[in-house]
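The values are calculated or read from the model by the stated rules, or taken from the named source; none is laboratory data. In this text, all values refer to a predicted model and were calculated from it rather than measured experimentally. Cβ: placed from backbone, ideal geometry, glycine included. Neighbour counts: every protein chain shown. SASA here: full protein model, heavy atoms, side chains in, ligands and nucleic acids out. Shrake-Rupley method; radii C 1.70, N 1.55, O 1.52, S 1.80 Å.
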Amino acid sequence: MKNNQLTDSGQLRHFLTIEGLKKPLLTEIMDRAEQFSGITHRQVKKVPILRGKTIVNLFFENSTRTRSTFELAAKRLSADVMNFNISTSATSKGESLLDTLHNLESMHTDMFVVRHNQSGAAEFIAQHVAPDVSVINAGDGCHAHPTQAMLDMFTIRRHKQEFHNLRVAIVGDILHSRVARSQIQALATLGVGEIRVIGPKTLLPSDCQTLGVHVYHNMETGLEGADVVIMLRLQLERMQGALLPSAREYFHCFGLTEDKLKLAKPDAIVMHPGPINRGVEIASSVADGPQSVILEQVTHGIAIRMAVMSMALGAQSEQHEIPA
Ligand code: CP
């Protein structure tokens, strides 16, 4: 079946979801990111790959990491970037999403980077842009956050090299997490040996088993022998009704402490997409501890987003050699 994110020749045009993408494409994104990550250590952190292109960051929902790293990534590729400020825009005067989009498109935009609290918003925008415009999903509702998943895969590959022999545990609010959904799809596509999800019944999707994961409601059992532990925030803004007794009780059962981490492999890495809530899903001593790669994830977000943006805008890396 044709994937509407790809061109007829199989090249990336939009990046809306990991679902339906094949392993070689995910690997190509990580390989490109590997090339781009070297740029960060140069005196001039820029390459001319997207010179003359215009990228609009269209964030309808708050963000620290994703918006900043998309902006930096675009600038490092020499694109012109505009951060569209929703709170000071005509959206507050009742302008519709499509009218806003078409007005921005008329400024010869080549790419929209979209974050929205509604699942499917990025896909909707992708269906309404001109054929030469790309759309990147920077997180839509509970649905998908594909560049976050790819920077997480990149971080895992940097530390563990191979995927097939890994046991990865994702802990917390899986039900409301677009990050977890995209991570599970990416981990499965890359052939991870075992994917575990750990959380209370109220925070796991009812169709969990169909995702090809092993489900644990006991954190201690679920962490045993894990190579990678991914902690998730409680997404209170997306919860309807009381799904938890209290934050204190939650931390007792599902918070990652130094003692619980000892159940994973000694060289396990601890990840978190952020923002972290210290003392709710993770203890400070773990978040800031030697096994944490949380800030590395943020750094890798720049290279991954450079890779995705350059691929979606058709820039061939071989045409723009990235000197070592
Ligand atoms: N990981 C993530 O999406 O963080 P932000 O909400 O700060 O972008």
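Below 15 angstrom from the Cβ of L97, what's the summed charge of the other residues (Lys, Arg +1; Asp, Glu -1)?
Result for the neighbourhood of L97: -4.
Run the quick spin-label model on I86 and S206: label points 7 Å from Cα toward the beta carbon, then report their separation in nm to one decimal.
Those two pseudo-labels are separated by 2.9 nm.
Once the piece of chain linking S9 and H164 is laid out straight, how much longer is it, given 0.36 nm per residue of separation minus the C-alpha distance between them?
52.9 nm
Run the numbers on the stretch 44-87 and let me know its relative contact order in percent, using alpha-carbon pairs under 8 Å that are six or more apart. Walk me through the intermediate numbers first.
Working: 59 pairs, mean separation 24.4, N = 44.
About 56 percent, as a whole number.
Using Cα centres only, tell me the gap between the stretch 79-148 and the stretch 210-282 in whole Å.
Centre-to-centre distance over Cα atoms comes out at 32 Å.
With both partners inside the chain, how many of the DSSP beta bridges are antiparallel, as a percent to the nearest 5?
Roughly 5 percent of the DSSP beta bridges within the chain come out antiparallel.
If we count every other residue with Cβ under 13 angstrom of V135's Cβ, Lys/Arg +1 and Asp/Glu -1, where does the sum land? Let's see the in-between values first.
Numbers: positive: R13, R115; negative: E105, D110, E123, D132, D140.
Overall, the nearby charge balance is -3.
Would you list H176, H128 from the most to the least accessible area, probe 1.4 Å?
Working: H176 15, H128 65 Å².
In descending accessible area the options line up as H128, H176.
Which one of A283, A130, A79 has the biggest mean-square fluctuation once the chain is modelled by GNM with Cα springs under 10 Å?
Most flexible of the set in this elastic network: A130.
So, for the stretch 146-294, what is the accessible surface per residue at a probe of 1.4 Å, expressed in square angstrom?
On a per-residue basis, the stretch 146-294 sits at 41 Å².
In the chain, carbon and sulfur make up what percent of the accessible area (probe 1.4 Å)?
51 percent
Could you compute the net charge surrounding H159? Neighbours are other residues with a C-beta less than 15 Å from the C-beta of H159; K and R count +1, D and E count -1.
So the surrounding residues net to -1.
Percent of Cα-Cα pairs per 5 Å bin, from 0 to the last occupied bin, for the stretch 146-294, please list those.
2, 10, 22, 25, 23, 13, 4, 1, 0
Remind me, relative contact order of the stretch 93-215 in percent, using alpha carbon pairs under 8 angstrom and six or more residues apart?
Details: 175 pairs, mean separation 23.9, N = 123.
The value is 19 percent.
Tell me which lysines have Cα within less than 23 Å of K23's Cα, excluding those fewer than 8 residues away on the same chain?
Straight-distance partners of K23: K2, K160.
Quick one: putting +1 on the C-beta of Lys and Arg, -1 on the C-beta of Asp and Glu, what dipole do you get for the stretch 146-294 around its Cα centre, in Debye to the nearest 20?
It comes to approximately 220 debye.
Which whole-number percent is the relative contact order of the chain (Cα, under 8 Å, 6+ apart)? Spell out each step's value before the answer.
Values: 591 pairs, mean separation 69.6, N = 324.
Once divided by the residue count of the chain, the mean separation gives 21 percent.
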